[in-house]
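As structure tokens, the structure follows; a few thoughts come after it.
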Amino acid sequence: MIRSSGITASAVVAFLGSAAFLLLGFLFVSLSGRLPAGQIDPRILRLTAILCGLVLIGCGAWGISTAVGLLRLRERARISMLVFSALMAFVSVASALWTVAMQPPVQPGLTAAQYKALYLGIVAFYFVFCLLGALWLYYFSRASVKQQFAGGLVAAGQESQRPDKPVSILAIAWCLALTGPPTLFLIPLHFPTMFLGRAESGLPAALLYLVTGLLSFVLGLGMLRWKPWARTAAAWYFLFWFVHGMAQTLLPGWQERQAAFHNLMPRWAPETKVYVPSFPLWFSVVFNILVTLVPAYFLVSRKEAYLAVAKQTPRSET
């Protein structure tokens, strides 16, 4: 099967982006012991730099593996690109909304025109990556592209006997699996948390981070192995956090809860004034819907596609 120019171009972009991630990752790790001392404990800075570097290195390795797979027309690489594109589009939309709602403060030395240009440039930056993710989602979902990755075994107009894996659920599964373990690192940092309208620290916060991190990882791994129970549990998991987030935002006393949270910050954190959220209420509602209700919707609406793949996945693969 002849590889199309679009696949080759996507592989080149993946190679370049992955190389940048690897470079930044190794830079973070190598400079972790040379960070300037300040109000924050240098051990915390070093640990944070190392963790960020390892995440960047992992993303770079994933990208290079995907790029090689694209050049070899491996089906796993096409699925990987779909998952990556969905994640990139989602993160870009969330980041753009955050920028619009927060409107970063004017920096000293900038005129009003320069500040506006900088602000619009940040939004445009996120928009470009969102557009790129959407284009990749469309491109790698086309039948002609699928046929190339099928090795020419699937004739034009003929459907494969094996159902397509739902990309939306794959993206959700990878998000849960990858964000679960880093949550556990908040425990030794003695970081507080918010739960059911209360600011928690100490043992309650540690238990919440432990349960949330382990549950997120288990649910993500279960969906990657196409376990039916994992999809159901994950849908309820996101619905719970949706109700929790809406109550946390809409119930009276939101600013007081934020103040209580910041008062529980650990000793290594720098001294700062209590932060009173300045972004509008609509942003909290929209952001909560994006990170909880939207994943729950896909987990429910793509149930039949998920179960179809689960039925045809050999036990050795699950």
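Set the Förster radius R0 to 35 Å, insert the Cβ-Cβ distance between Ser5 and Ala113 as r into 1/(1 + (r/R0)^6), and round the FRET efficiency to 0.05.
Given R0 = 35 Å and the Cβ-Cβ separation, E is 0.30.
Give me the number: length gained by fully extending Val55 to Leu221, i.e. 0.36 nm times residue separation minus the C-alpha to C-alpha distance, one decimal in nm.
57.9 nm
Would you mind ranking Ser141, Ser201 so that the residue whose beta carbon has the fewest other beta carbons within 10 Å leads the list?
Ser141, Ser201
Rounded, prolate or oblate: which fits the stretch 167-255 when a ≥ b ≥ c are the square roots of the eigenvalues of the alpha-carbon gyration tensor, with rounded for a/c under 1.5 and prolate only if a/b beats b/c?
Oblate is the answer for the stretch 167-255, as a/c is 1.5 or above yet b/c matches or exceeds a/b.
Report the calculated FRET efficiency for His244 and Val68 (r = Cβ-Cβ distance, R0 = 41 Å), to the nearest 0.05.
Using R0 = 41 Å, I get an efficiency of 0.50.
Assuming R0 = 35 Å, what is the FRET efficiency of Lys146 and Leu184, from their Cβ-Cβ distance, to the nearest 0.05?
Calculated transfer efficiency: 0.40.
What length, rounded to one decimal in nm, is gained on full extension from Leu132 through to Ala259, with 0.36 nm per residue of separation minus their alpha-carbon distance?
41.8 nm
What is the sum of charges around Ser80, taking Lys and Arg as +1, Asp and Glu as -1, for the other residues whose C-beta is under 12 Å from the C-beta of Ser80?
Neighbour charge sum, excluding Ser80 itself: +3.
Please enumerate, by chain and number, the lysines with C-alpha under 25 Å from the C-alpha of Lys311, excluding those fewer than 8 residues away in the same chain.
Lys146, Lys165, Lys227, Lys303
Need one number: nm distance between label points at Val285 and Lys311, each 7 Å from Cα along Cα→Cβ, rounded to one decimal.
4.1 nm
Since every read-out is calculated from the coordinates, none of them should be taken as a lab result. Small disclaimer: the values here were computed from a predicted structure and weren't measured. Glycine also receives a Cβ, built like all others from the backbone with ideal geometry; neighbour counts cover every protein chain displayed.
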